[in-house]
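The values are calculated or read from the model by the stated rules, or taken from the named source; none is laboratory data. Every value quoted in this text rests on a predicted model; they were computed, and no experiment measured them. Neighbour counts are summed over all protein chains in view; Cβ atoms, including those assigned to glycine, are modelled from backbone coordinates with ideal geometry.
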Amino acid sequence: MPYGHQPHLSRRGFCLCCLGATTIAATGGWLTPREVFAQSRNVVDSMRAAAADAPIKVHNLRSNISMLEGSGGNIGVLTGSDGLVLVDAGITASRPRILEALSGLDKGPIRHVINTHWHFDHSDGNEWLQKEGATIIAHENTRKHLATATRVEDWNFNFPPSPPGAVPSEVFATDKTMRVNGATLALKYYGPCHTDGDLSVTFTEADILHTGDTYWNGFYPFIDYSTGGSLDGTIRATETNLAAATDRMIVIPGHGPVSNKTELKAYRDMLVDIREKVAALKKQGRSLDDTVAAKPTASYDAKWGQFAVNPTLFTKLVYMGI
């Protein structure tokens with residue numbers, strides 16, 4: 001039976017880029033990221049405050065590999081005598097609960113942290129993890145965004161340069177292979193997709209793939225055009241993930257529950273079909289508002305559009321990318 005289960009709606013699936021959901025009860029409708037910033041306090045601070053209390057759930061996957069859910073993006077964990085390896089760093093406010101969860105897996109030191117991309121909910125913990133002794137590894141574009149002031153237009157937010165300890169010290173351009181704890185880790189750069197610095201991590205022997213935010217299991221994804229994101233690149237990244245997936249592969253998405261090849265294919269098919277529908281409308285000369293009104297995502301909304309990136313926002317993101 002493939003590893004995975006139906007997506008569920010929980011605070012643990014939240015991403016910084018998608019906090020429109022936080023105001024739905026007060027407004028009676030979804031807000032764009034820009035409107036959220038206009039009507040609420042700083043979203044980064046809100047996420048940090050939420051992470052201070054959110055529980056961390058441990059999923060034991062296969063061999064000595066686990067996933068932590070509850071601090072921003074999903075965190076992959078490899079344990080063993082060489083020390084712990086983390087894929088993504090979560091949110092700093094979760095530090096006590098992350099350490100507690102890690103201690104329950106292996107009391108060894110944290111030696112490596114691999115950032116799948118630069119976004120806050122995946123890299124905020126870099127600084128404290130570096131102080132724990134971890135080397136931060138990432139694509140060179142991830143270091144670029146973390147080392148300099150970076151604006152995300154759709155969030156209407158300017159990120160200051162990260163502290164020196166939070167900036168990856170070991171970077172690469174295309175591919176990197178690591179041998180740690182008896183496992184082979186294959187790091188591969190996707191090219192521009194969710195951002196311009198996303199990478200995947202494959203635990204080769206265990207047949208486990210961590211996709212970062214190139215895959216949101218059960219949710220419409222966010223595409224960060226301000227930092228080099230690409231709609232077609234997102235689809236290409238999903239094709240790459242699907243081509244690499246075996247029938248027994250466990251897939252760790254950036255957000256959502258642990259997944260498998262079947263669910264990954266459904267995600268790919270959804271992206272391709274909605275892109276084709278929006279492209280046809282745009283080719284007809286439809287404006288953005290007319291395209292949204294045509295509801296090109298309607299057949300998918302019940303499954304994919306019931307969380308933070310709602311159908312209207314996702315249609316806008318697709319339209320922008322064509």
Can you tell me which residues in the stretch 181-195 are farther than 21 Å from residue 260 by Cβ and out of contact with any Ser or Thr (no Cβ under 6 Å at 6 or more places or on another chain)? 181, 182, 187, 191
Any idea which of (1) out of contact with any Gly (no Cβ under 7 Å at 6 or more places or on another chain); (2) part of a loop (DSSP other than H, G, I, E, B); (3) farther than 14 Å from residue 237 by Cα is the one residue 219 doesn't satisfy? (1)
Quick check on the stretch 271-303: of everything there that is among the basic types (Lys, Arg) and in a loop (DSSP other than H, G, I, E, B), which residue is surrounded by the most Cβ atoms within 10 Å (Cβ to Cβ)? 286
For the stretch 237-250, state whether one or more residues are buried (at least 22 other Cβ atoms within 10 Å of the Cβ), without any contact (Cβ under 8 Å) to a residue 40 or more places away in the chain, touching a strand residue (DSSP E or B) at 6+ places or on another chain (Cβ under 8 Å) and not in a loop (DSSP other than H, G, I, E, B). yes
Confirm whether residue 78 is on the phi < 0 side of the Ramachandran plot, surrounded by 24 or more Cβ atoms within 10 Å (Cβ to Cβ), in contact (Cβ under 8 Å) with a residue 24 or more places away in the chain and of a type in the set (A, V, I, L, M). yes
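Search the stretch 173-185 for residues being surrounded by fewer than 16 Cβ atoms within 10 Å (Cβ to Cβ) and charged (D, E, K, R), and hand back the single one that is farthest from the chain's Cα centre (by Cα).
Among residues in the stretch 173-185 that are surrounded by fewer than 16 Cβ atoms within 10 Å (Cβ to Cβ) and charged (D, E, K, R), the one farthest from the chain's Cα centre (by Cα) is 179.
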Please work out which one of (1) aliphatic (A, V, I, L, M); (2) closer than 21 Å to residue 313 by Cα; (3) more than 15 Å from the chain's Cα centre (by Cα) is the condition residue 223 fails and give its number. (3)
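Okay, residues lined up against (1) aliphatic (A, V, I, L, M); (2) under 18 Å from the mean Cα position of the chain (by Cα); (3) at pLDDT 95 or above:
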residue	(1), (2), (3)
249	yes, no, yes
257	no, yes, yes
261	no, yes, yes
269	no, no, yes
If you take the residues in the stretch 149-172 that are of a type in the set (S, T, N, Q) and in contact with a strand residue (DSSP E or B) (Cβ under 9 Å, 6 or more places away or on another chain), which one is surrounded by the fewest Cβ atoms within 10 Å (Cβ to Cβ)? 158
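Which one is surrounded by the most Cβ atoms within 10 Å (Cβ to Cβ), of the residues in the stretch 186-216 that are β-branched (Val, Ile, Thr) and in a strand (DSSP E or B)?
Initially, the stretch 186-216 is screened for residues β-branched (Val, Ile, Thr), giving 195, 201-202, 204, 208, 211, 214.
Narrowing further to those that are in a strand (DSSP E or B): 201-202, 208, 211, 214.
Details: 201: 24, 202: 20, 208: 25, 211: 30, 214: 26.
Among residues in the stretch 186-216 that are β-branched (Val, Ile, Thr) and in a strand (DSSP E or B), the one surrounded by the most Cβ atoms within 10 Å (Cβ to Cβ) is 211.
A quick yes/no check of all residues on (1) surrounded by fewer than 18 Cβ atoms within 10 Å (Cβ to Cβ); (2) of a type outside the set (Phe, Trp, Tyr); (3) within 22 Å of residue 186 (Cα to Cα); (4) modelled with pLDDT of 95 or more:
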{"position": "60", "(1), (2), (3), (4)": "yes, yes, yes, yes"}
{"position": "86", "(1), (2), (3), (4)": "no, yes, yes, yes"}
{"position": "96", "(1), (2), (3), (4)": "yes, yes, no, yes"}
{"position": "103", "(1), (2), (3), (4)": "yes, yes, no, yes"}
{"position": "123", "(1), (2), (3), (4)": "no, yes, yes, yes"}
{"position": "126", "(1), (2), (3), (4)": "no, yes, yes, yes"}
Restricting the stretch 62-75 to residues that are touching a strand residue (DSSP E or B) at 6+ places or on another chain (Cβ under 7 Å) and part of a loop (DSSP other than H, G, I, E, B), the residue that is surrounded by the fewest Cβ atoms within 10 Å (Cβ to Cβ): 64
Those residues of the stretch 177-213 which are farther than 22 Å from residue 62 by Cβ and of a type outside the set (Val, Ile, Thr) amount to 189, 190, 191, 192, 193, 194, 196, 197, 198, 213
Conditions (1) hydrophobic (A, V, I, L, M, F, W, C); (2) modelled with pLDDT of 95 or more; (3) surrounded by 19 or more Cβ atoms within 10 Å (Cβ to Cβ); number of the one not met by residue 54: (2)
